[in-house]
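Just below is one structure, and these are the notes that go with it.
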Ligand SMILES: Cc1cc2nc3c(=O)[nH]c(=O)nc-3n(C[C@H](O)[C@H](O)[C@H](O)COP(=O)(O)OP(=O)(O)OC[C@H]3O[C@@H](n4cnc5c(N)ncnc54)[C@H](O)[C@@H]3O)c2cc1C
C-alpha cells in the first residue's frame, strides 16, 4: 500500500467532551508516532463544551461584619456537573496532564429520598462530612439496620448479574425475581458480603418492596437516560453500570470508595481548558483548528467526506468522526447516490436511538424539596406517586452542598439563601419569581470571580446572548423566561434498542477500523463516537470511546492510508472565517 507523508485530513463534528477528547487522543497518537495530522473540529454553537452550561446567578446582597452590603453571586452548572475520580481514570489522567486536576473539588455526597406527601423521608448520609444526620431519617438506622444491609445485598446481586444478562433482562425482571425467590437471587451476594439475611423472615418481602420502591425505583427514575415508561422497563445493566462508574461499587466485596468531585467555577471551564490545551499543542506536525458557530453538514462520497459549513468553502477529508447525538448525526449526513446503501445501513443503526428532553433550572423554590428542611441533601430524589408518569431525571440538587459551602469559607455565611438546580419536565413546575436570573452584566461581579469563570459564561456576562446547553427553543419562550437561569437538555434513552444500536455501531466502527488497519481507505469514511455510543455516556465513557476511535485511526496515521484518499485532500485547509482559536 503506498504511503504518504502528507497529513491525514480529518474532521471531527461536535465540540462536546466526545469531540474534544477525540482530538486529544488523536493528537497524542500522532505525536507519539511522529505522523502528520490535520484536524478540523466543528461545533455549531458559539461556545465549546456541548452539554456543559455554566451560569452565574444573583442571590441578592449580604451584609458584612462592618455593615456593608456585598453582592452574593454564585455560579452553577445546569448540565454536566460532577464526576467520580475513583473510577474516571481517563478523565483524571487528562486533567493531570493538562494541569486541571486541582479544580476538581470534593462535594458532599449525600442523598435524600422523599415523597410529596411527606410519608417517605430517608437520608443516605454514609458520606456526610459536615452537618448532622438525624437517626430518625438515616437509612443506616431504618428498620433496625435491616434495610441498609438488604440494599447492599440487592446491589451486589445486581452487579454480579451484569456479565451474564442481556439488555432484555430489565430492572423489573430483577426485582420480581428477588421478591419471588429471595434466597435464590440474593444468597450468593449475602455470603460474599458476609451479611446474614433471615430468608424466612415474614418481613422480608415487604422489606424488599421498600428497597425497590423507596430507593431503587426513585433513584433510577432520576437518571438522565431512564425510559419515560418507568424504571421497571429499563435494562438492568443500564442503571447498574452507571452506579458502578458514577457512584462507586458501593455494594462491592472490596468496595471502591467513590471520590465524587464537582468542577470548581463550572464544568464548561474544564472543556475550554481541554480545547485550549489542544490549540496550544497544535503545530506543523499536528494541526488542530477549532471552528465554532458553524453548523456542518456532510456529503459522504466513496472514500472521503466533504464538509459544508455556512460561509465556508467545502472541505475534503479522508475521515470524519461524528461526535454528535445519533439523531443530530442522521440530520447532518448526506450520501452520494453510489453510497446510498451505506446511507440506509447507517440510518437503520442510528434511528432506533430515542431521545428525551428536559429542563434544568436554577432557583430558590423550596416546593420541590423535601418538606422537612433537615433532610435536604446534596441530591434529593423524589418518589413518584403510584401511576405518575415517570419523567426521566427528576431530582433537585442543593447547590450550596454540591459546591460544598462548609468547605468554602468564602461561601460559608450563615443565613445566606439556599439555592437549587432542579431537573424538571416543564418550566411551569417552578414559579417564575423563584427562578434565578442569568446575570448578564459584570457590574456586580468581583473581578477575582469573573476571572475564574468559563469564557462562555464571561461572554454572557458581557451581554452576549449565546445559545447554551441544548437550548434550541430559546427564541420561542415567553419573554419572562428569556433571562432566567434554565436550559434544555437532551439525552438518549438507554433502552434495549439503544444498547443494540451501540453494538451495531461498534461492529461498524470495528469493520471500518479493520480496513484502515489493512491499509485500505474505507468507502464510508465515517467513525462514530459521542455519548450515545457507549454505556450511559458519562464523561469517562465518552473518553473511552474517543480513545478507541483514535486507536482505530492510528494505522492511517502510520501512513497506511491509501494515496488516493490523501490525494483527495486539497492540502492544508485555508483557515475559514470563523476559525476559533479561543471560543
Ligand atoms: C442533564 C445531564 C447531566 C449530566 N451530568 C453528567 C455528569 O454530571 N457527569 C458525567 O460524567 N456525565 C453527565 N452527563 C452525561 C453527558 O451527556 C455526557 O458526559 C456528555 O455531555 C456527552 O458529550 P458529547 O460530546 O457526546 O455530547 P454533547 O455534549 O451533547 O456535545 C455534542 C455537540 O455537538 C454539537 N453539534 C450537533 N450537531 C452539530 C452539527 N451539525 N455541526 C456542528 N456541531 C454540532 C452540539 O452543539 C454539541 O455541542 C449528563 C447528561 C445530561 C443530559
Q | Close pairs (9 angstrom Cβ cut-off, 6 or more residues apart or separate chains): closer than 22 Å to residue 494 by Cα in segment 507-535, more than 16 Å from the ligand (Cβ to nearest atom) and part of a loop (DSSP other than H, G, I, E, B) anywhere | A | 508/524
Q | Single residue of segment 410-446 satisfying the filter (touching a helix residue (DSSP H, G or I) at 6+ places or on another chain (Cβ under 6 Å) and within 24 Å of residue 65 (Cβ to Cβ)) that is surrounded by the fewest Cβ atoms within 10 Å (Cβ to Cβ) | A | 412
Q: Using the structure shown, decide if residue 60 is at positive phi, at pLDDT below 95 and in a strand (DSSP E or B).
A: yes
Q. Which ranges mark the helices (runs of 4 or more DSSP H) fully within segment 264-359 that have 1 or more residues being away from the ligand (no atom under 16 Å from the Cβ) and without any contact (Cβ under 8 Å) to a residue 24 or more places away in the chain?
A. 267-281, 340-350
Q | Unique residue being more than 30 Å from residue 351 (Cβ to Cβ), assigned to a loop (DSSP other than H, G, I, E, B) and either within 21 Å of the chain's Cα centre (by Cα) or within 16 Å of the ligand (Cβ to nearest atom) (or both) when the list is 416, 466 | A | 466
Q) With respect to the numbered conditions (1) away from the ligand (no atom under 16 Å from the Cβ); (2) assigned to a loop (DSSP other than H, G, I, E, B); (3) within 27 Å of the chain's Cα centre (by Cα), which one is the sole condition not fulfilled by residue 523? A) (3)
Q) So which strands (runs of 3 or more DSSP E) stay within segment 71-156 end to end and still have 2 or more residues that are within 16 Å of the ligand (Cβ to nearest atom)? A) 82-84, 104-106
Q.
Regarding segment 461-478, can at least one residue be identified that is closer than 25 Å to residue 551 by Cα and in contact with a strand residue (DSSP E or B) (Cβ under 7 Å, 6 or more places away or on another chain)?
A. no
Q.
When you scan segment 107-117, do you find a residue that is under 25 Å from residue 139 (Cα atoms) and over 27 Å from the mean Cα position of the chain (by Cα), even just one?
A. yes
(Q) Exactly one condition in (1) crowded, with 18+ Cβ neighbours inside 10 Å; (2) out of contact with any helix residue (DSSP H, G or I) (no Cβ under 6 Å at 6 or more places or on another chain); (3) at pLDDT 85 or above; (4) closer than 19 Å to residue 113 by Cα is false for residue 405; which is it? (A) (4)
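The values are calculated or read from the model by the stated rules, or taken from the named source; none is laboratory data. Note that the structure is predicted; figures quoted are calculated from it, not measured. As a convention, Cβ positions derive from the backbone with ideal geometry for all residues, glycine included, and neighbour counts pool all protein chains shown.
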